[in-house]
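We did not get these values from a lab; they are worked out from the coordinates using the rules stated. If you're wondering where the values come from, they're calculated on a predicted model, not measured in any experiment. Ideal geometry is used to build each Cβ from the backbone, glycine not excepted, and the neighbour counts take in all protein chains shown.
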Amino acid sequence: MVIRRVLAPRIDFGALRRELGLPEEFPVAAQREADAAAAAPPRPPVDRTDVPFVTLDPAESRDLDQAMCLTRRPGGGYRVRYAIADVAAHVRPGGALEEETWRRGQTVYLPDGNVPLHPETLSEGAASLLPDVDRAAVVWTIDLDADGGTVAVELERALVRSRAKLDYAGVQADADAGRLPEPIALLPELGALLTARGLRRGAINLPLPEQDVEADGDGWRLVLRGPVPMEEHNAQISLLTGMAAADIMLAGRVGLLRTMPAPKPEAVHRLRAAAAPLGVHWPDGAGPGEVLAGLDAGQPRAAAFVDQAAELMRGAAYTAFDGEVPEQPRHGGVAAAYAHVTAPLRRLADRYATEVCLALHAGRPVPEWVRAALPRLPEAMAVTDRTASAASRGAIELAEAVLLAHRVGETFDAAVLDVDAPPNGRSRPGRPPGGTVALDDPPVRARCVGELPLGERIRVRLVTADPVARSVVFERA
């Protein structure tokens, strides 16, 4: 894992919050409902507090949706127990809190504080799978064979108790030292197995480093970090559960899928054509996901190739259905049917998809309040996805502009990640040629004007750093 940090002065994110219309507080009625639910938490009749679940999240997180316990099955294979916060047990259908969560759609993360989907009394309290307390959960039990193939799925509401709140950096250090806690000791083995299965069926993961803004005393730091292996392994457990949920809903002919078209052949052809000029080896018979999995995105030419590969991942959406199975039910990045069910504290759709799965698995009718919500969810989630994306990118752009405001005119080392591709091969009138560059230090990614060599290292000069417009522009030096 490579981490780069650069300190920025005090930054006010208030203008961004106002621009995006982010709510400041919960309505009184919604807050009261949340407080009442937190004061009298549900206790499911099934008790699974004997299962040694643990959570694995960023160190600072308190809205803990998932806890896991991994074991070997007698005779071979694996058993995955995955406990998901039972948010629906805390939110009354038709109440003020449910209405407010529809307005919010998902938790929006900003450096100066989150805008949560649910009040903190639930999201970081009574509904969160915090350690050493009993919590209501929806427990998925997924049995796998020795090759990682799913052989059985069980689903139930149950009482659980997490044994520990683990974080990625600490768990990675434990994995490297060979001392992982027993409940996740199998995670590297199983995660690698599930990743390999995904690559064989055509799954695609873009190994992009994460850019973020973090508090640092009275100021802020701009951070660029690559994912640690344990983070990727953890994601495979969530993907496994999402695929199991999709299969249940497709068999029951009702539900909500996360869909995306398969990569278009012409997009794959263009990516393959870009491989050799960028020094990327594309073995015969390999799919794009297999090629991407072998790259070090910290290298400029590999990073440019990964940036080009983003074209493969277009058209993600939520697809609701009831009675007729969608014509295109699959997610091109997962290379399988897939549904969001593992983050209900942070994402509205997961609450309803989970309720569909619980009903279908038990052979009961899907509750009418869930069924009535399904057709509305795709648009609601599309709106909130755009807001969350704008907030994340806006915060980074603001931090970049503040960080560089006093350095206009200076030159920097940069890697060319992307080059403008004008329609029909002709330049747009009035738009100079250019593309996207990534600086080594500070860790900034921004537009650069000039004739740019894709995947190469160049010197660039900062010409604009405007915190008000949240704009940073370079030119080739």
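Taking amide H positions as modeled 1.01 Å from N, with prolines and chain starts lacking one, the residues under 5 Å from His331 and 5 or more places away or on another chain are Met260, Ala336, Ala337, Tyr338.
Annotation: amide H of Val419 within the under-5 Å range of Thr436, sequence separation 5 or more or interchain, hydrogens built in the peptide plane.
Each residue in Ser123, Ser162, Ser389 was given a count of other beta-carbon atoms within 10 angstrom of its own, and listing them fewest first yields Ser389, Ser123, Ser162.
The order of Val171, Val153, going from fewest to most other C-beta atoms within 10 Å of their C-beta, is Val153, Val171. Going by a ≥ b ≥ c, the root eigenvalues of the Cα gyration tensor, does the range 3-117 fall in the rounded group (a/c under 1.5), the prolate group (a/b larger than b/c) or the oblate group? Judged from the Cα gyration tensor, the range 3-117 comes out oblate (a/c at least 1.5, b/c at or above a/b).
Across the chain, the relative contact order, built from alpha-carbon pairs under 8 Å that are at least six residues apart, equals 18 percent.
Look at Lys165, Lys264 and count the other Cβ atoms within 10 Å of each Cβ; fewest to most, that gives Lys264, Lys165. Couplings 3J(HN,Hα) for the range 159-168, derived from phi with the Karplus relation 6.51 cos²θ - 1.76 cosθ + 1.60 (θ = phi - 60°), are 8, 10, 9, 5, 8, 7, 9, 9, 10, 4 Hz, where x marks Gly and Pro.
Using C-alpha pairs under 8 Å with a sequence gap of at least 6, the mean separation divided by the residue count of the range 265-310 gives a relative contact order of 39 percent. Computed from backbone phi with θ = phi - 60° and the Karplus coefficients 6.51, -1.76 and 1.60, the 3J(HN,Hα) list for the range 357-374 is 5, 4, 5, 5, 5, 8, x, 9, x, 5, x, 5, 5, 6, 4, 5, 7, 3 Hz; x is used for glycine and proline.
Using only the alpha-carbon atoms, how far is helix 229-252 inclined from the longest principal axis of the chain? Give it as 0 to 90 degrees, nearest 10. Helix 229-252 sits at roughly 60 degrees to that axis. Put simply, the amide H of Arg72, placed in the peptide plane, has neighbours under 5 Å in Arg79, leaving out anything fewer than 5 places away on its chain. Each residue of the range 85-97 is assigned a 3J(HN,Hα), and the resulting list reads 3, 8, 5, 4, 6, 9, 10, 6, x, x, x, 5, 5 Hz, derived from the Karplus form 6.51 cos²θ - 1.76 cosθ + 1.60 (θ = phi - 60°), x at Gly and Pro.
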